[in-house]
Amino acid sequence: MSFIDNLISNTIRSDVRAIDAYHVPDSSGFIKLDAMENPYVLPAPLRAELGKKLADAMLNRYPDASYATLKAAIRANLGVPAGYDVLLGNGSDELISIMAMACARQDRRAVVMAPTPAFVMFARSAQFAGMDFVGVPLKADFSLDRAAMLAAIAEHKPALLFLAYPNNPTGNLYDADDMVAIIEALGETGLAIVDEAYEPFAQSSFMGRLAEFPNLVVMRTLSKLGLAGIRLGYMSAAPALLEQFEKVRPPYNVNVLTHTAAEFALAHVAVLNEQAAALRAARAQLAAQLAALAGVEVFPSAANFLLIRVPNSDEVCAKLHARKVLVKNMGKMHGVLSNCIRVTVSTPEENSVFFDAITASLA
Ligand SMILES: *Cc1c(COP(=O)(O)O)cnc(C)c1O
């Protein structure tokens, strides 16, 4: 063993040494349909105006620690109920870590729970914080197994339970009555985090129901709306609860450029909403086209991606890759996802390149 190997085994936790880093494939030269990005950018005049604002941003100063104007813009434009504030994160990934850090207790291992398959960061953040992750399998139709969830809640008493609404990678909205039963079952012993990363494409939300459930946290991001590059997530919950999470949030976690760009984009949120509407229409069109292909099953989606099942996802993904189209092969991720592929809905042009490529790949 070399010095560096010994150093690593003497210092880095074994569970960290054992895992692979979050892998992002090289996408240069590809049509990128693997990461649920919005393919549209702001119109050129708006980008020029934003450029001036970014040039004037005070990069020599720390950000405004209160983020008061940005938070006000989020509350005003994104449907946060009166009397509720938001907590900001460097992407919602950071919000997930903040909640895990705040709830990972010292006296016994606390539990993070989610229906599975789920967004991978729920389990990763739990692990890094020193919490146990308990996944409760979805039914084969990707609906919540209400009885199994309620039994798992009674057994494990999770401190945090994540429900992605709609879910990634399955794309569906869970039944709201099932969700309410779960939120109520957690009661005073657990927080229900409804992750609404895809809210612009779902147009269905728990944000307006915060007052009904004191243990409800609603988390969102600007990433899927068209600003993945700036990394800004936000969450709302009862003020007393947000106050606790605020203590764990690193000060200045949202940088000056992100603050400036987000405020500018929210002042022009109608443009982003139009892009989301175009993607919703394109989703319906692509879903119908794919459903007409022999051997392809298309699952209902309330997100900006489609989950489809093909006869052999490894083979189809390899052929799409050879045609320079990048999608996500979900076939090995979880039992209910066998031979499934997740594809981001994009512009009509990119969707038709994808459609032609998958048609050829299935032949
Ligand atoms: C993409 C995604 C996020 C991550 O959002 P960021 O704000 O970019 O960190 C969170 N939750 C789900 C379910 C997602 O699919």
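Taken together, the residues in the stretch 202-224 that are within 16 Å of the ligand (Cβ to nearest atom) and part of a loop (DSSP other than H, G, I, E, B) amount to 4.
Look at Ala100 and say whether it is surrounded by 14 or more Cβ atoms within 10 Å (Cβ to Cβ), touching a Ser or Thr at 6+ places or on another chain (Cβ under 6 Å) and under 20 Å from Glu155 (Cα atoms). It is true that Ala100 is surrounded by 14 or more Cβ atoms within 10 Å (Cβ to Cβ), touching a Ser or Thr at 6+ places or on another chain (Cβ under 6 Å) and under 20 Å from Glu155 (Cα atoms). Restricting the stretch 1-27 to residues that are acidic (Asp, Glu) and without any contact (Cβ under 8 Å) to a residue 12 or more places away in the chain leaves a set whose member that is least open to solvent (accessible area, probe 1.4 Å) is Asp5.
Taken together, Leu150, Leu163 contain a single residue that is touching a strand residue (DSSP E or B) at 6+ places or on another chain (Cβ under 8 Å), surrounded by 15 or more Cβ atoms within 10 Å (Cβ to Cβ) and farther than 11 Å from Ala110 by Cβ, which is Leu163.
For the stretch 287-296, the count of residues that are buried (at least 18 other Cβ atoms within 10 Å of the Cβ) and touching a Pro at 6+ places or on another chain (Cβ under 7 Å) is zero.
Pairs are defined by a Cβ separation below 7 Å, a sequence spacing of at least 6 or placement on different chains, a first member in the stretch 60-79 that is closer than 22 Å to Glu196 by Cα, and a second member that is part of a loop (DSSP other than H, G, I, E, B) and of a type outside the set (Val, Ile, Thr); the pairs so defined are Lys71/Asp85; Gly79/Ser205. Whenever a residue of the stretch 244-262 is within 12 Å of Met99 (Cβ to Cβ), its partners that are surrounded by fewer than 18 Cβ atoms within 10 Å (Cβ to Cβ), lying with C-beta atoms within less than 7 angstrom and at least six residues away or across chains, give the pairs Val248/Met101.
Residues in the stretch 297-333 that are open to solvent by 50 Å² or more (accessible area, probe 1.4 Å) and either modelled with pLDDT under 95 or assigned to a helix (DSSP H, G or I) (or both): Asp314, Glu315, Ala318, Lys319, His321, Ala322, Lys332, Met333.
Reported count of residues in the stretch 28-40, each being open to solvent by less than 30 Å² (accessible area, probe 1.4 Å) and in contact with a strand residue (DSSP E or B) (Cβ under 8 Å, 6 or more places away or on another chain), is 3. Looking across the stretch 103-128 at every residue that is away from the ligand (no atom under 16 Å from the Cβ), of a type in the set (A, V, I, L, M) and surrounded by 20 or more Cβ atoms within 10 Å (Cβ to Cβ), the one that is farthest from the chain's Cα centre (by Cα) is identified as Ala110.
The values are calculated or read from the model by the stated rules, or taken from the named source; none is laboratory data. A quick note: this is a predicted structure, and the numbers were derived from the prediction, not measured. Ideal geometry is used to build each Cβ from the backbone, glycine not excepted, and the neighbour counts take in all protein chains shown. Accessible surface is based on the protein model in full, side chains and every heavy atom, while ligands, DNA and RNA are left aside. Shrake-Rupley method; radii C 1.70, N 1.55, O 1.52, S 1.80 Å.
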